[in-house]
Amino acid sequence: MTSTENVFRKYLDFLERANKENISKILNYVDIEVRFKDPLHNVQGSHELHRIFEKLLTKLTEVKFTTKDLVAADHRAFFRWRLVSKVGGKVWCIEGATFLTINADKLITSHIEYWDKSSQIYERLPIIGRLLRLLQMFLTR
């Protein structure tokens, strides 16, 4: 394992163990100007990233985050992940992929997630989900 790949692996290992008690330690892995983007957020700064993860871990229960298929080259990495949690007593699963970059100090400078919020969140909501399914039926006929 290269030293660069080792940096990414340590970050992923931390994310897999993260909980609301230790999430502040994410600041040890990211640059102060880190960019975080996913389908729901687009922020700059380590404290913004921390706030998003802290909110996620506070609102969800029984969170299980797993990573797989890490591919690292130079100062970039790509991996797949799965988040399973309980929301309102129901088990929810979201799957996606993430692109990471690091700087010369071996800190994460960008954390960009790719996942489909429509099929993995909105379609599961009672009213919005029904409307989205009707729209999909209409568009695919």
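The values are calculated or read from the model by the stated rules, or taken from the named source; none is laboratory data. None of the values given here were measured: they were computed from a predicted structure. Positions of Cβ are generated from backbone atoms using ideal geometry, with glycine treated the same way; all protein chains shown enter the neighbour counts. Note: accessible area is taken over every heavy atom of the protein model, side chains too, but ligands, DNA and RNA are not part of it. Shrake-Rupley method; radii C 1.70, N 1.55, O 1.52, S 1.80 Å.
Key figures for this structure:
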{"quantity": "Förster radius 25 Å - calculated FRET efficiency between D116 and E62, Cβ distance, rounded to 0.05", "calculated": "0.65"}
{"quantity": "Heavy atoms of L60: accessible area, 1.4 Å probe, square angstrom to 10", "calculated": "40"}
{"quantity": "Förster radius 25 Å - calculated FRET efficiency between V91 and H41 (Cβ-Cβ, nearest 0.05)", "calculated": "0.60"}
{"quantity": "Kirkwood-based shape ratio for the range 16-74, expressed as Rg/Rh from alpha carbons", "calculated": "0.97"}
{"quantity": "All aspartates and glutamates inside 18 Å of K59 as judged from Cα atoms, apart from same-chain residues fewer than 8 positions distant", "calculated": "E16, E21, D38, E48"}
